[in-house]
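**Q** Let me give you the structure first, and then I'll get to my questions.
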Amino acid sequence: MLPELITEGAKNTLVFTFFSFLGGLAIGLLVALMRLSRRRSLRWPAAVFTDLLRGLPALLTIIFIGFGIPIATGWQFPFPKYFPGCLALSLVAGAYMAETIRAGIEGVPRGQMEAARSLGMPYPVAMRRVVLPQAFRLMVPPLTNELVLLFKDTSLLAVLGTLAGGKEITKFARDFANARSNSSALVAGGIAYLVITLPLIRLVAQLESRTRGAR
Amino acid sequence: MISITGLRKSFGDHEVLRGIDLEVAAREVVCVIGPSGSGKSTLLRCINRLEEPTAGRVVVDGVEVTGPGVDLDKVRTSMGMVFQQFNLFPHKTALGNVTLALRTVLGMDSGAADARGRQMLEVVGMAGKADAYPARLSGGQQQRVAIARALAMEPKVMLFDEATSALDPELVGEVLGVMRKLAEQGMTMVVVTHEMGFAREVADRVVFMDDGLVVEQGPPAALLGSPREARTRSFLAKVL
Ligand SMILES: Nc1ncnc2c1ncn2[C@@H]1O[C@H](COP(=O)(O)OP(=O)(O)O)[C@@H](O)[C@H]1O
Ligand SMILES: [Mg+2]
């Protein structure tokens, strides 16, 4: 049991976490920039997006993407083993990260953008070369924290993970426990999560105290 | 070089600039003085449109800054601005601060940008600190790097907004020294300042602002020595 828990379950959990984190970052950055825009036509869709996805239970979003869309449209996702799960988690993570990224950008003194603009830098250049690198430093602790949450939330994909070789840790452990009437797989699954989350949680605490010290 | 007519600026229903007319000739140094809150910063920030004027015209070097369809990024390269809080980029070295816009705005390659950057740091006496990050520099050194950063774009006009107000008294001199040198080299400058000594010695003209209006202007000796307006007299009595 243990080898497959690692080679299938843990591997898939990491794959889901990795792609959803990247997807969440991309969506979060886009939505954050839209929310900071001067144009209302960009601000309000971004606000609706974040409110909606933070207001809905993540599990419902996952079920909606994984089952609702294919049922309603008859359309099948490409890469069905990973894509629907990654998409759903990216959207949820993106909504939370958008707020983190926005707070990071707003944490950079206004004078930085003004100095860059006064030198003739266009807004996107000033954002990318001056503001975002500084905002990113402020964002590292909360983003690491969101990585931990996302890592754990991949377990919600247990409702989807029915394809061969596509089970993440929770689904794998649950099926194993069901099949053998033996709950030790669940304990092993729990340990697999903790091996990753506990060091990350310590890291976040350290990062947070360091950012505080730097102020 | 700079021509401002009928400039107004409101924040909400608070009118901060109430119709400013001001001409600055090429190579002229104009010092703007006045009580805090009188609109001096807002005036400077309207010149390069960091603030959007509510009404009026600003023309710099023949380009109507307030005109429709103006390429703001382009006209801003012709105006350098120096801020009270320096606003150096903390994640860049002194040299990196100076070269960032050379590379991203003027499209210089890094060799050419570094060469001009070092030359500009030399001008402000900061060549020895090219590789230092702002956090390792004193306020006076930071402000001199900020001046070099603005000068590197070869602006036609320099705008100084209380460039020495955030400095410890012993560091004011080095920054004023750089500004004086610039003035002597013929740079067109608009200098918002509380340094009356600098205004008296370096300015070609002093402008006194109060409550969003230019109350009085003239040569430094006349304006600072024998002001006509009561408001100017009472302000000077407080600061001199
Ligand atoms: N962004 C802003 N929003 C609202 N009010 C502002 C803003 N900037 C400046 N003001 C107000 O405009 C007035 C003039 O400010 P300012 O131009 O900074 O004066 P000064 O530089 O002469 O001290 C002040 O009353 C200030 O509170
Ligand atoms: Mg001011």
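The values are calculated or read from the model by the stated rules, or taken from the named source; none is laboratory data. Predicted model only: the values in this text are computed from it and were never measured. So basically every Cβ, Gly included, is an ideal-geometry build from the backbone, and we count neighbours across all protein chains shown. We work out accessible area using only protein heavy atoms, side chains counted, and drop any ligands, DNA or RNA first. Shrake-Rupley method; radii C 1.70, N 1.55, O 1.52, S 1.80 Å.
**Q** If you take all C-alpha pairs in segment B:35-92, what percent of them are over 16 Å apart? Can you show the working numbers first?
**A** On the way: 825 of 1653 pairs.
When every Cα pair of segment B:35-92 is considered, 50 percent fall beyond 16 Å.
**Q** Here is a follow-up. Over segment A:1-110, one equal point on each Cα, no solvent: what is log10 I(q)/I(0) by the Debye formula at q = 0.10, 0.11 Å⁻¹?
**A** Those come out to -0.36, -0.43, one per q.
**Q** Okay, moving on. Given the options B:Val98, B:Val145, B:Val215, state which has the largest fluctuation in a GNM of chain B using a 10 Å cut-off (strictly under) for Cα springs.
**A** Of the options given, B:Val215 has the highest mean-square fluctuation.
**Q** Give the cross-link partners of B:Lys9 among the lysines, using a straight C-alpha distance below 18 Å as the criterion and excluding same-chain residues fewer than 8 apart.
**A** Qualifying lysines at Cα under 18 Å: B:Lys40.
**Q** Further question on the same structure: Please report the accessible area of B:His91 (heavy atoms, 1.4 Å probe, ligands and nucleic acids excluded) in Å², nearest 10.
**A** Number for this one is 30 Å².
**Q** To the nearest whole number, what is the average tally of beta carbon atoms from other chains within 10 Å of the beta carbons of peptide B:40-48?
**A** Values: counts 0, 0, 0, 0, 0, 2, 0, 0, 4.
Per residue, the average neighbour count from other chains is 1.
**Q** Distance between Cα centroids, segment A:29-49 to segment B:131-170: provide it in whole Å.
**A** That distance is 35 Å.
**Q** Taking each residue in B:93-106, count the Cβ atoms of any other chain within 10 Å of its Cβ, then average. What number comes out?
**A** Values: counts 0, 0, 0, 0, 2, 1, 0, 7, 10, 1, 1, 10, 7, 2.
If you average over the peptide's residues, the count of other-chain Cβ atoms is 3.
**Q** So, by mean Cβ neighbours within 10 angstrom, what's the order for A:149-159, A:84-94, B:227-237 with the highest one leading? All intermediate terms of the calculation are to be shown ahead of the outcome.
**A** Details: A:149-159: 20.0, A:84-94: 24.6, B:227-237: 15.0.
Packing order, densest peptide first, comes out as A:84-94, A:149-159, B:227-237.
**Q** Compute, for the protein assembly as shown, the length of the dipole vector about the Cα centre, with Cβ point charges of +1 (Lys, Arg) and -1 (Asp, Glu) only. Units Debye, rounded to 20. Mind dumping the intermediate values first?
**A** On the way: 50 positive and 40 negative charges, 181 e Å.
Charge dipole, the protein assembly as shown, about its Cα centre: 860 debye, nearest 20.
**Q** Another question, then. How would A:Arg202, A:Arg43, B:Arg200 line up by accessible area, probe 1.4 Å, largest first?
**A** Details: A:Arg202 155, A:Arg43 90, B:Arg200 120 Å².
Result, largest first: A:Arg202, B:Arg200, A:Arg43.
**Q** To continue, here is another question. Projected onto the charge dipole of the protein assembly as shown (+1 at Lys/Arg Cβ, -1 at Asp/Glu Cβ, origin at the Cα centre), which of B:Val175, B:Phe89, A:Ala103 gives the Cα projection farthest towards the positive end?
**A** A:Ala103
**Q** Expressed as a fraction of 2.2 N^0.38 Å, the rule-of-thumb size for a compact globular protein of N residues, what is the C-alpha radius of gyration of chain A? Provide the component values of the computation, followed by the final result.
**A** Working: Rg = 19.9 Å, N = 215, 2.2 N^0.38 = 16.9 Å.
Normalised by 2.2 N^0.38 Å, the Cα Rg of chain A equals 1.17.
**Q** Is there a simple number for the mean count of other chain Cβ atoms within 10 Å of the Cβ of residues in B:85-92, and what is it?
**A** Values: counts 5, 2, 10, 3, 8, 7, 7, 3.
That average works out to 6.
**Q** Add +1 for every Lys or Arg and -1 for every Asp or Glu among the other residues with Cβ under 15 Å from the Cβ of A:Phe176, and state the total.
**A** 0
**Q** Same structure again: Tell me which residues come under 5 Å, amide H to amide H, from B:Val82 once H is placed; ignore anything under 5 positions away on its chain.
**A** Residues meeting the criterion, in which the H sits 1.01 Å from N, are B:Leu159, B:Phe160, B:Asp161.
**Q** Please get the size of the charge dipole for chain B, origin at its Cα centre, with Cβ charges of +1 on Lys and Arg and -1 on Asp and Glu, quoted in debye to the nearest 20. Walk me through the numbers on the way to the answer.
**A** Numbers: 27 positive and 29 negative charges, 39 e Å.
For this selection, approximately 180 debye.
**Q** Further question: May I have the extent of the alpha carbons of the protein assembly as shown along their three principal axes, as whole Å values ordered from largest to smallest?
**A** 100, 47, 42
**Q** I would also like to ask the following. I need two numbers for chain B: Rg to one decimal and Dmax as a whole number, Cα atoms only, in Å.
**A** Here Rg and the maximum Cα pair distance are 17.8, 56 Å.
**Q** Please identify the helices of chain A, taking whole runs of DSSP H, that span at least 18 Å along their own axis as judged from the Cα atoms and have a mean Kyte-Doolittle score of 0.5 or higher.
**A** On the way: long enough: A:11-35 (35 Å, 1.48); A:40-55 (22 Å, 0.04); A:83-106 (33 Å, 0.99); A:132-153 (29 Å, 0.57); A:184-214 (45 Å, 0.98).
Both cut-offs are met by A:11-35, A:83-106, A:132-153, A:184-214.
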